[in-house]
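This report refers to the structure that appears directly beneath it.
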Amino acid sequence: MQVNLLIICNDQNKSYYKNLAENLTKSVLYLSRDKGLLDYLQDGELEEIDLCIIQVELGWENRQPDSFYGFEVAKKLRKAGLKSIIYFLHFFPEDRFDPVRTRYALLRVNTFHKLIKTSANTEDIASRLQPQKMSLLQWEDISETLLGIRSLVQELIHDLKNRVIRSGKNDEVKIEEIIDQSFQELFNLLSDQTTALSQIRKNLLLEISDPKKGLSPQEIVENFASQITSLAPIEDKDDDEVNFPRPPWKVLLVEDDSNVTETLNDGFERNNIQYESVYSGSEALKILANDKKQSIAVLLCDLRLKEDDSRYWQPLQGYDIIEQVRKENTYLGAFFVLTSAKKRLINLTKNFKTNITADHKSYVLSSDGALNLFIQKLRQSGDEFFFRVRSRPRLSAWNKKTQRFYQPLCQFYRAHIYSLDYDLAEQTINQEAQEYVEKMEAGLLKKGEAEFNITILLKEQKKKPSKEITEQQINQAFDKFRDHILVGRRVALALFLKGYSEDEVFDFMQPGSDANNRKASKDLLFKTTLALSFAKDFPDPEDIRQGRYLKSNLLLEEIQWLIEFYQADFDLDQIRVNVVDANTVWGILDDIRYSIKKKINGQALSLSSKQQNFLDKDIKEITTLKEIKGLLQIVNELAGHFGLSKDFNLLIKEELETIENPEVKKILMDRVL
């Protein structure tokens, strides 16, 4: 069998490895210098390698044999994507290799890393070398957990918790013995932190022996995990590490434990996520209230928040913050919760009234890999909510309180997003909409069977309402929104997308209407009730392909439904890119506007109406390239007048790399040049 073999050795030992390769009869690639390794990592096909042999005592670049540079080379190969088994050949005694230390960490995964003493009998060694490849998940696990001191510390803590669980709850002597063994390994890994580790070990044993705590040994170990991890060095970011694009939104973290905050913040920075961290609920609410740009797309709360002395609860706990934000704030973003109490986590997911993502803190913080997975889940939710805020209907019925609805439709939509039955409700809405469309086209829909022209009023429109709104009325109004508004919008959009005119869609949805009042009835149904503009809501397919349309006036769920069921000819990914780019341009213009207003400082100036409007009114949205060009022209004139042209150019240059839309990038580059 022909197998691709990679051999990494000293140049002076190459003849030995050639003899070994002859006994293996394989296709062989030799690397015997650092430069050759770097070139191969850049250009090589690691997926094709079936077997890898590394000489442990590499003397490259005048290194000493006892530096065991072969292990460092193995780490580089693993990080670059090598999935074949690695055999380490050595001539040192095996007791020189301590698998706990980070230098030899890969030896702990003995399924894919074998340590073999060099022998004169190459045939005997060749008979022991068997090709083996790991799966992608195994490779990711090894690459993330066994390539640095911090990862090894987290792995040791994880092992400690498992050993404590297996020991039994009441065997304190055995538990103390397990803890001593684990801390001895921690002392080896963190030799410069022995004093701090000794104190943590002492406190840990005291809490385990205290029956008043009412916690299991496993829970106590979990509570100390973040303290131990914080003592480990934060590994430098490797050049070959994946660089995630920085999203335009931020995470707001509410956490009372400074060690946990530091670990999470490190994870955010490693994954290129913008964040703000606060200690209390009152600080978080203040930041959200002042987030005029709606840049916070994820609220991440510790469930249990305590004061500095760790004995008294803060006035607002994590669940209180989320409930208050949901009820009183205009925030539209994802809710994430972390907790150390497993029972509380189970009860929270059962009984909490808001749709949240809840995770166990010890798991999320157990390793860099677990934290990265958590942050990627958080990134996906943040991207979705950032898009939701900026892709929405523009008509007043959606965004303002009207006589027809007791609150703006956007508030009903917000309640829909956060409802516990959101996924099931979406399936029902899509199914009903599809059935209505099929019946309408087949002429099977009876008059009055579908009523979309509705009013949602919970009380009479008086200055002093006669009675308070009941919970039953609120629930009925919410059901009306789902059954009539959301379903009605999708029915109308699907029919329009299938080629029917607005008049034909109206006849389908409201048959037998009075011809004398047709225009008023049509406006009442589409604009006032369903908040639809049809052609203005749809991104034109050609505009999307050419990158000319920057925003959609449709809900995320509507876009997904139209693409899935009606093969809508527009690209959701491209719309997302356009939305992000429009937001970036908005940020540039808003920053320079702030600088110009500081320069004016109350002076009476003679400005054009367009210039004055730009300074006086917030930029709410940018939907076309024409708008960008017009705003840039206004800002260019003002910046030149107030000596801020260099500042304006600098702002554009700083953001150019983040712009993906070629048309937008060209307009900005023309401005800089």
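The values are calculated or read from the model by the stated rules, or taken from the named source; none is laboratory data. Keep in mind it's a predicted model, so treat the numbers as computed, not measured. We place every Cβ from the backbone using ideal geometry, glycine too, and count neighbours over all the protein chains shown. The area values use the complete protein model at the heavy-atom level, side chains included, leaving out ligands, DNA and RNA. Shrake-Rupley method; radii C 1.70, N 1.55, O 1.52, S 1.80 Å.
What residue, among those in the range 170-207 that are basic (Lys, Arg) and open to solvent by 70 Å² or more (accessible area, probe 1.4 Å), is nearest to residue 371 (Cα to Cα)? Filtering the range 170-207 for residues that are basic (Lys, Arg) and open to solvent by 70 Å² or more (accessible area, probe 1.4 Å), the one nearest to residue 371 (Cα to Cα) comes out as 202. Within the range 362-380, the set of residues being open to solvent by less than 30 Å² (accessible area, probe 1.4 Å) and assigned to a helix (DSSP H, G or I) comprises 362, 364, 368, 369, 370, 371, 374, 375, 378, 379.
Considering the range 73-169, the qualifying helices (runs of 4 or more DSSP H), each wholly inside and each with 2 or more residues that are of a type in the set (Gly, Ala, Ser), open to solvent by less than 70 Å² (accessible area, probe 1.4 Å) and modelled with pLDDT under 80, run over 149-167. The number of residues in the range 282-315 that are buried (at least 17 other Cβ atoms within 10 Å of the Cβ), assigned to a strand (DSSP E or B) and not charged (D, E, K, R) comes to 6. Among residues of the range 1-30 being open to solvent by less than 40 Å² (accessible area, probe 1.4 Å), of a type outside the set (Gly, Ala, Ser) and more than 43 Å from the chain's Cα centre (by Cα), the one that is nearest to residue 56 (Cα to Cα) is 10. The selection criterion, being in a helix (DSSP H, G or I), more than 24 Å from residue 97 (Cβ to Cβ) and of a type in the set (Asp, Glu), holds for residue 47. Those helices (runs of 4 or more DSSP H) of the range 385-444 in which at least 3 residues are of a type in the set (A, V, I, L, M), out of contact with any strand residue (DSSP E or B) (no Cβ under 9 Å at 6 or more places or on another chain) and open to solvent by less than 50 Å² (accessible area, probe 1.4 Å), considering only elements entirely within it, cover 422-442. The residue pairs whose first member lies in the range 488-506 and is touching a residue at least 60 places away in the same chain (Cβ under 8 Å) and open to solvent by less than 60 Å² (accessible area, probe 1.4 Å), whose second member is in a helix (DSSP H, G or I) and polar (S, T, N, Q), and whose beta carbons are closer than 8 Å, counting only pairs six or more residues apart or on different chains, are 490/430; 494/434.
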